[in-house]
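Encoded as structure tokens, the structure appears first; notes follow it.
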2 protein chains.
Amino acid sequence: MGVLVDVFLILVYIIYTAKAGEAKDLKWEVEYKRWSPDGKESVVIAINGKFPGPTIRARAGDTINVELTNKLPTEGVVIHWHGITQKGTPWADGTASISQCPINPGESFVYTFKVDKAGTFFYHGHYGMQRSSGLYGMLIVDVAEEQTEKFTYNDEFHILLSDWWHKGAHEQEVDLSSKPMRWIGEPQSLLINGRGQFDCSLAATSSSESAVPCDDLEGGEQYAPHILHVVTGKTYRLRIASSTALASLNFSIGNHKLTVVEADGNYVEPFTVDNIDIYSGESYSVLFTADQDATQNYWISVSVRGREPKTPQGLTFLTYQPTSEKQLPPSAAPPVAPAWNDYVSSKAFSNKILAAADSPPPPTNSDRRIVLLNTQNTMDGFTKWAINGISLSLPTTPYLGAIKYKLMDAYDHTPPPDHYTPDDYDIMKPPPNPNTRSGNGIYELEFESTVDVILQNANTNSVEVSEIHPWHLHGHDFWVLGYGEGKFTDKDAAGFNLKNPPLRNTAVIFPYGWTALRFRADNPGVWAFHCHIEPHLHLGMGVVFAEGGDRLGNIPNEALTCGLTAKYLMNKETAT
Amino acid sequence: MGVLVDVFLILVYIIYTAKAGEAKDLKWEVEYKRWSPDGKESVVIAINGKFPGPTIRARAGDTINVELTNKLPTEGVVIHWHGITQKGTPWADGTASISQCPINPGESFVYTFKVDKAGTFFYHGHYGMQRSSGLYGMLIVDVAEEQTEKFTYNDEFHILLSDWWHKGAHEQEVDLSSKPMRWIGEPQSLLINGRGQFDCSLAATSSSESAVPCDDLEGGEQYAPHILHVVTGKTYRLRIASSTALASLNFSIGNHKLTVVEADGNYVEPFTVDNIDIYSGESYSVLFTADQDATQNYWISVSVRGREPKTPQGLTFLTYQPTSEKQLPPSAAPPVAPAWNDYVSSKAFSNKILAAADSPPPPTNSDRRIVLLNTQNTMDGFTKWAINGISLSLPTTPYLGAIKYKLMDAYDHTPPPDHYTPDDYDIMKPPPNPNTRSGNGIYELEFESTVDVILQNANTNSVEVSEIHPWHLHGHDFWVLGYGEGKFTDKDAAGFNLKNPPLRNTAVIFPYGWTALRFRADNPGVWAFHCHIEPHLHLGMGVVFAEGGDRLGNIPNEALTCGLTAKYLMNKETAT
């Protein structure tokens, strides 16, 4: 296979100046570019000519300024800073139709936000299906200079996971919006730091159909794997984030145990496992020690979970220094992930994630409980996902500007319901009436109230099918109070974990189950809460929360050059 | 082949209410849609669910109001009304970066313009390469109610010609903008009213490689040919327009003579030919009489001219009523077009086009002569086309708004040169220094002055190659004063045809030749003048004219929600 690309090389792209509370000024150009993420030439959205985009590295307390110039020929663009709460800068959340108007082609927009907490984050497109075109990268926040981490390690790596289709995101979008819907299918490849192998496998012993060995890889290819180089006896922090469009993943390193220490930028009580599940929108830090036979190499593997996998395992490997000439894939077979539908193992993993000892505890009580039923539906022959009977259809005017300037026509002011109807909805069966409607009403949350959200899963339109959905909340972390089977009832609240629930920004609902979340509505702004599966969001699987509408602060006009806000701001001289 | 789609059916889509000086209110939704223009499934930009878009039909003097709603997921859109001069409504010309900001996704924009002259026109996208995605349709203006045409006919048909690639326009755009450029290649199909046949041929005797007969066509297919039904003895007006992205075409009807009576909405002195050349951006009306053996069917054929053809002939056919069951393709071989590089025949055809007897004569003298050298160049490794050494790179802020509000930073105020340098540039050879620069300066024309433009062709970057370029002027018709070989010199002006030069909005330059045009700068606005080959324009082959900047009239704010005009209009309350 020759010399392969070294994961250390990606440090070249890291923008890292290490003083606390500093401003980091970045200039990014976003453009389409030919790229071969998995050996088959495709088109990606590149940032500064690279895919994935550059890793942002900062310290807690820093202010990030990204001057984003849109070099796409005809498309607007925004970037969401996933996991950053945007306190005081709700207009910088990077969600089209919610926090801002898309940045027009040829124009620049400056995102300014503070990274107030150390952790492993990432960023990605949040307009149309541009995330599926590869608009993503990592965002790593180190502890402030005077602070130390709760755990020790000698060095670190980061891995951004994604999935890749050979059909471009534009066509995927057309197909999803077709009547009848054409499903995008399973991804062709899983990418590790933007690199996968479609036509060949790193593993000679691979059980996948594309088992032709990647013999001719020389290391310079865009799809050559990143190899992790370790030194015997050292402990490494591996930061892992998943920006997949669809796939839920299981991650492991052959022969090496993983100790989970961080989830979504929050410390968790350390626990050690052979492999971790990671859903789209999630991030983890795991520690591992290079304590194995240094003459061997070891697989790093990602496999699909929760959907019957039709995608080859994503692979790279770990090699012990000195590297000499032994940079070959391990001769052993890659690790075998739990069966795709082994939800017992998935739930066991999720339940192991608990807050670290001195984490902020949740409020004991909540002021409001919103129960959100997730259903697959149809609307005039189109396939949709709906929440409490409404499929989210985002408005043209961003909510944030509409609320700021009280533009009543910008969206439907009837809030969506806090509970689904009928009460006796049978979550074990396809919807009796599959028809839904679309809407853009929002949940207005009382400022500084405590809100519980119960995500209630259900059967899809097909009998005996219920899928995994990782839900991501913007602007907040939430406490995951618990997971349950079947239909949530008020009695289940008695079982909420109020002692050490983990803080997260993304939480999964398992098939036919529920997940209970609690958060404080303490961040003035308008915040998306949605399934992080790109086609599901595209088909309406989300809701919008708004809070502190009278405390939104200044919004740059540049964020509001569309819809009714543009009209209002352009005409206000003559407005009465 | 079964029963094929009847060209009369397209009348269903025609919006036609026949009172003079009326307002025609149209509501259009623009969206991506799966479509099979040539039998291979692709994605098109559809209007109201149809490809090509609906035919607009009006009378001279009518006002057209098109409320265009952009249903593209992430792209802006504009539509240019090709051949309509937009007197008094320069903001409605539908050119991104020139007359308006792109209409944002989800938003509506109302184009309002008067069709002041009868003729055969069309409309198309004018942003990025959206025309190549199929955003086009016909626009037919009948004479005002009290008027009669200069010629008589019993009925009419219209045919919109285009070319089609299986690679989508987004990818084409990426490839053209790549370093090194990847050329899009020749089209896979030629379309007649949006219908072509890629995998099969209507002609059993076709000489093309894809000569499998289209036996299984049933008529309902999106790519089934439109058949023209005629009645013996009747005379028909056939309106033909070409919206091709690349291909120059030759059009003929087997056994039937064609009498050319109109070109680009202007009457020409009638002349009769066996076939016509039609370049992208041009339109013609031809008369033909159904005077052949009514028991036979006859080919309608389009073939590529001016580039070595790798695209099968585009075909449909003409059948005499009563149709009975004989709706089969003609058994004879399709007409054979002149050889692709038979420029003698092309020039002979162009030179036959002369103004009808009572057409407005050109001014005897011009106030300014601008000589535009067309060269293929490179810029930092990218391929470009340049005019007098500058490759047009459109600004983010539309010129029209920038001029209206005197926003000096919106574009380069150094005008491009009126003449190329050096004087002794050898047009017969590749450029000695192929490097060019990009720019967005414009030609400011004195209002109501008479301007001559000499389009000077040259050798491309490859030895012994010079291509055809059809240049289209917005906002005006021009008189075509003549075509010449080699390098234009001042002496050539003595040979200008000032007696009966045809009025056109599009004129071709032949390889290694020049074309002389004259027009009156009498239309306040900012007007693109460019090669109508989509990839050539994309690579910079155009210039911009501005005139009457102090007479621009009102521009709707909705046309200016981008760049510096948005900034200016949003902030003007606080501006000094």
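The residues packed around residue B:469, meaning those with a beta-carbon under 15 Å from its beta-carbon, carry a net charge of +1 if Lys and Arg are +1 and Asp and Glu are -1.
Length gained on full extension, residue A:296 to residue A:339, computed as 0.36 nm times the residue gap minus the Cα-Cα distance: 12.8 nm.
Based on the convex hull around the alpha carbon atoms, chain A presents an average projected area of 25.0 nm². Summarising the overall dimensions of segment B:136-262 from its C-alpha atoms, the Rg and Dmax are 18.2, 58 angstrom.
Label-to-label distance for residue B:231 and residue A:149 is 8.7 nm, based on points extended 7 Å past Cα in the beta-carbon direction. In summary, segment A:460-513 shows an alpha-carbon radius of gyration equal to 1.29 times the 2.2 N^0.38 Å reference for compact globular proteins. Per residue, the accessible area of segment B:417-566 comes to 34 Å², computed with a 1.4 Å probe over protein heavy atoms only.
Each Lys and Arg Cβ is given +1 and each Asp and Glu Cβ -1; about its Cα centre, segment A:491-543 then shows a dipole of about 240 debye. Going 7 Å from the Cα of residue A:167 toward and past its Cβ, which residues in segment A:377-398 have a backbone nitrogen under 18 Å from where you end up? Counting backbone N atoms under 18 Å from the label point, the list is A:382-385.
Charge tally for residue A:153 (other residues, Cβ to Cβ under 13 Å; Lys, Arg +1; Asp, Glu -1): -1.
Packing here is the average count of other Cβ atoms within 10 Å per residue, and on that basis the peptides B:135-146, A:456-467, highest first, run B:135-146, A:456-467. A simple packing score, the average count of other Cβ atoms within 10 Å per residue, orders the peptides A:121-132, B:436-447, B:482-493 as A:121-132, B:436-447, B:482-493, with the highest score first. Each chain gives up part of its surface: A and B jointly bury about 3100 Å² of accessible area, both sides summed, for a 1.4 Å probe.
Computed about its Cα centre, the charge dipole of segment B:277-373 is approximately 400 debye, with only Lys, Arg, Asp and Glu carrying charge at their Cβ.
Applying both filters, DSSP loop and at most 14 other Cβ atoms within 10 Å, to the trypsin sites (Lys or Arg not before Pro) of segment A:237-311 gives A:310. Against the empirical 2.2 N^0.38 Å (N residues), the protein assembly as shown has a Cα radius of gyration ratio of 1.00. Other protein chain C-beta atoms within 10 Å of residue C-beta, averaged over A:561-570: 6. All other residues whose Cβ lies under 13 angstrom from that of residue A:255 are scored, Lys and Arg at +1 and Asp and Glu at -1, for a net of -2. What you get for the protein assembly as shown, charging only the Cβ of Lys and Arg (+1) and of Asp and Glu (-1), is a dipole of about 680 debye around the Cα centre.
Here the simple spin-label model places points 7 Å from the Cα toward Cβ, and for residue B:274 and residue A:332 these points are separated by 7.9 nm. Computed from label points 7 Å out along Cα-Cβ, the spacing between residue B:499 and residue A:418 is 8.9 nm. The simple Förster model, with R0 at 41 Å and r as the Cβ-Cβ distance, assigns residue B:347 and residue A:438 a FRET efficiency of 0.10.
Cβ distances below 4.7 Å define possible disulfide partners, and in chain B the cysteines left without one are B:531. A Stokes-Einstein calculation at 10 °C with viscosity 1.306 mPa s, built on the Kirkwood radius of segment B:30-174 over Cα pairs, returns a diffusion coefficient of 98 µm²/s. For B:499, A:352, the ranking by accessible surface with the largest value first comes to B:499, A:352, using a 1.4 Å probe.
For segment A:241-306, the Kirkwood estimate of hydrodynamic radius, built from reciprocal distances between every pair of different alpha carbons, is 12.7 Å.
When a 1.4 Å probe is rolled over the protein heavy atoms, the share of accessible surface on chain A that falls to carbon and sulfur comes to 50 percent. Aspartates and glutamates within cross-link reach of residue B:384: Cα-Cα under 17 Å, excluding same-chain residues under 8 positions apart? Within reach: B:173, B:175, B:467, B:534. Using the Cβ-Cβ distance between residue B:27 and residue A:308 with R0 = 45 Å, the FRET efficiency computed as 1/(1 + (r/R0)^6) comes to roughly 0.50.
Averaged over peptide B:104-110, the number of partner chain Cβ atoms lying within 10 Å of each residue's Cβ comes to 5. Projecting the Cα atoms of A:455, A:388, A:405 onto the dipole axis of segment A:355-495, where Lys and Arg carry +1 and Asp and Glu carry -1 at the beta carbon, places A:405 farthest toward the positive end. Summed over qualifying helices (DSSP H, 4 residues or more, each -39500 (n - 2.57)) and divided by its residue number, the protein assembly as shown shows a 222 nm mean residue ellipticity of -1500 deg cm²/dmol.
The convex hull drawn around the Cα atoms of segment A:195-340, when projected onto a plane and averaged over every direction, covers 8.9 nm². Pairs of Cα atoms nearer than 8 Å and 6+ residues apart set the relative contact order; for chain A it is 14 percent. With Rh defined as the Kirkwood radius, the inverse of the mean 1/r over Cα pairs, the Rg/Rh of segment B:285-432 is 1.12.
The values are calculated or read from the model by the stated rules, or taken from the named source; none is laboratory data. All values reported here derive from a predicted model rather than from experimental measurement. So basically every Cβ, Gly included, is an ideal-geometry build from the backbone, and we count neighbours across all protein chains shown. SASA here: full protein model, heavy atoms, side chains in, ligands and nucleic acids out. Shrake-Rupley method; radii C 1.70, N 1.55, O 1.52, S 1.80 Å.
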